[in-house]
1. Yes or no: S93 more than 19 Å from D221 (Cα to Cα), hydroxyl-bearing (S, T, Y) and not in a loop (DSSP other than H, G, I, E, B)?
2. From S125, S110, which residue is among the polar types (S, T, N, Q) and free of Cβ contacts under 8 Å to residues at least 60 places away in the same chain?
3. Kindly evaluate S138 against the criterion of being on the phi < 0 side of the Ramachandran plot and modelled with pLDDT under 95.
4. Residues being part of a strand (DSSP E or B) and under 14 Å from the mean Cα position of the chain (by Cα): count how many of those fall in the range 103-132.
5. One residue is enough: does the range 88-104 have a residue meeting the conditions within 12 Å of the ligand (Cβ to nearest atom), among the β-branched types (V, I, T) and closer than 21 Å to L181 by Cα?
6. Just to be sure before I move on: is S160 of a type in the set (S, T, Y), within 14 Å of the ligand (Cβ to nearest atom), farther than 20 Å from T21 by Cβ and assigned to a loop (DSSP other than H, G, I, E, B) in the structure I sent?
7. Of the conditions (1) closer than 23 Å to D221 by Cβ; (2) hydroxyl-bearing (S, T, Y); (3) away from the ligand (no atom under 15 Å from the Cβ), Y83 clears all except one; give me its number.
8. Please go through the range 107-138 and give me each residue that is within 16 Å of the ligand (Cβ to nearest atom), surrounded by fewer than 22 Cβ atoms within 10 Å (Cβ to Cβ) and hydroxyl-bearing (S, T, Y), ordered by number.
Amino acid sequence: MLAAGSGLSVACTAHDPGKITVGVKFDQPGLSVKRPDGTLGGFDVDVARYVAGRLGYPPERIAWIEAPSGQREMLLRNGQVDYVVATYSITDSRRQKVDFSGPYLLAGQSLLVRADDTDITGTASLQRHKRLCSVSGSTPAQRIKDRYPGVQLQRYDTYSACVEALRNNAIDAVTTDDVILAGYAAQSPGAFKLVGDRFSEEKYGIGVQKGNESLRRRINDAIEQMEHDGSWRAAFIDNFGAAEFAVPDPPPIER
Ligand code: GLU
């Protein structure tokens with residue numbers, strides 16, 4: 001946890017005072033994945049590491065905690081993490097519980113189906129009794145519930161569990177942000193494809209404890225620095241591949 005006197009201290013409970021504790025996903029290839037050897041990699045991890053560095057914490061002084069979609073606010077509110085970099089969309093309802101730095105990336109909701117599926121071409125096809133998987137506590141699951149009431153939505157704890165269910169024919173499609181789905185598709189060449197257009201705008205922010213304005217501001221400074229010194233672009237190319245996506249401009253930071 002951030003040491004008292006660093007000027008950044010959140011009202012955290014526990015942990016090693018010499019370390020900063022960061023919440024990330026462990027199972028989202030391209031964004032944030034824990035490899036079999038225990039190391040972490042991905043765009044969110046690169047952003048999280050860069051920010052930690054700017055706050056004075058080298059990589060060996062970062063403690064990583066898994067932050068599944070449904071637990072992010074809770075982890076921040078309980079002081080179990082200093083900040084969360086976990087494909088975490090900035091929304092008004094989340095802002096009632098936590099604060100956000102950023103945004104540092106834009107994504108949008110989409111659909112992943114099996115590569116041989118010719119039936120599902122977009123959200124309209126889901127109304128035909130298709131079984132759709134998303135994750136508890138995520139904005140995509142909420143959007144389906146609110147806007148597509150005819151869809152059979154199954155909520156799992158992680159997107160990787162949804163993707164395995166898709167592979168095994170237990171469900172017909174997975175929905176979440178396109179960057180996440182593209183990561184799973186790239187990991188299993190020939191197995192899956194994205195279909196339809198983006199149907200939301202997800203602005204990825206870095207979650208901090210509500211009211212910790214000094215940390216929120218210093219993380220904004222770090223993101224800005226990452227964008228200016230070329231590290232943001234390098235991380236994008238490294239994790240998403242220059243060939244498949246044109247490198248976008250980073251979204252403006254909301255101070
Ligand atoms: N960005 C969306 C969210 O924050 C979906 C991705 C996720 O669940 O991490 O809920």
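The values are calculated or read from the model by the stated rules, or taken from the named source; none is laboratory data. These numbers were taken from a predicted model, which means no experiment stands behind them. Cβ sites come from the backbone with ideal geometry, for glycine too, and all protein chains shown count toward neighbours.
1. yes
2. S125
3. Here the answer is no, as S138 does not meet what is asked.
4. 6
5. Yes.
6. So S160 fails the test.
7. Single failed check for Y83: (3).
8. Across the range 107-138, the qualifying residue is only S136.
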